[in-house]
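Have a look at the structure below before the remarks.
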Amino acid sequence: MTRNPLLTVPALASLIALCVLAAAPAHAEFYSIDDPADARASLTDIHAVEANHGKENVLVKVRFAELMRSSAAGVSVFFDTDRGDRGPEYVLSSGLGDGTDYVLTEADGWRGSDDRVGCDYSARPKWGQEVFRAVISRRCFDRVPSVRVSVKMVDQADGSHPVLDWAPRRHRWSLPIASGLGA
């Protein structure tokens, strides 16, 4: 009896695809996404977002087309720690120009609030590297097993209207980022 090899190839391909999908993790400890040049009216157009959910910290890097010390732009990094609730639970807000400050608050919808979070965190723009870097202790988020991030840039450069840029998109989240080894 001769077997037709064409009949076994689709079955084998389906089996391999099923094994690969079953083995894929539901979470990753690192997330990275490129963002298109969609805020051309601002030099602080977001180019990419990277997030690493480590054992002790969550590290978020937002890469821009250009950062300048005289920038009038600001950035908000939103964190979703409870997928059962709509919207973010926390937001880290910062200016991108020299002399600006940063603060981590509980979120009020997709905005910050007056409820500061008392924990260890730091943030700063690195102008020569065109990146904004934030490090937030996992204790700020009660050491949840995973977080999702979303980033918004607002530039009031010309005063007539704000230029907005979101990554990954407006009111959209990264994939869940599980706690891993290092950040």
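Read the figures in this text as sums done on the coordinates, not as results from a lab. As the structure is a prediction and not an experimental result, all values here were calculated from the model. With ideal geometry, Cβ positions are generated from the backbone for all residues, glycine too; neighbour counts draw on all protein chains shown.
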- Excluding residue 162 itself, calculate the net charge of residues whose Cβ lies under 15 Å from the Cβ of residue 162, where each Lys or Arg counts +1 and each Asp or Glu counts -1. -1
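For every other residue with a beta carbon closer than 14 angstrom to the beta carbon of residue 113, add +1 if it is Lys or Arg and -1 if Asp or Glu, then tell me the sum. Let's see the in-between values first.
Details: positive: 111, 116; negative: 89, 106, 108, 114, 115.
Taking every Cβ under 14 Å from that of residue 113, the sum is -3.
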- Message: Would you report the distance distribution of C-alpha pairs in the range 54-151 as whole percents per 10 angstrom bin, up to the bin with the largest distance?
- Response: 16, 49, 29, 5, 0
- Query: How about residue 152: which lysines have a C-alpha closer than 23 Å to its C-alpha, ignoring those fewer than 8 places off in the same chain?
  - Reply: 61, 126
- Task: Taking amide H positions as placed in the peptide plane 1.01 Å from N, state which residues far from residue 29 in sequence (5 or more) or on other chains have amide H under 5 Å from it.
- Result: 178
- Item | Mean Cβ neighbour count within 10 Å, used as a protection proxy, ranking 145-155, 64-74 highest first | 145-155, 64-74
- Item | the range 53-94, Rg to Rh (Cα coordinates; Rh as Kirkwood inverse mean 1/r) | 1.06
- Task: Note down the net charge around residue 29, summing +1 for each Lys or Arg and -1 for each Asp or Glu among other residues with Cβ under 15 Å from its Cβ.
- Result: +3
- Note on the structure: Any residue on another chain or 5+ positions along whose placed amide H is under 5 Å from the amide H of residue 47 is listed here as 63, 64, 65
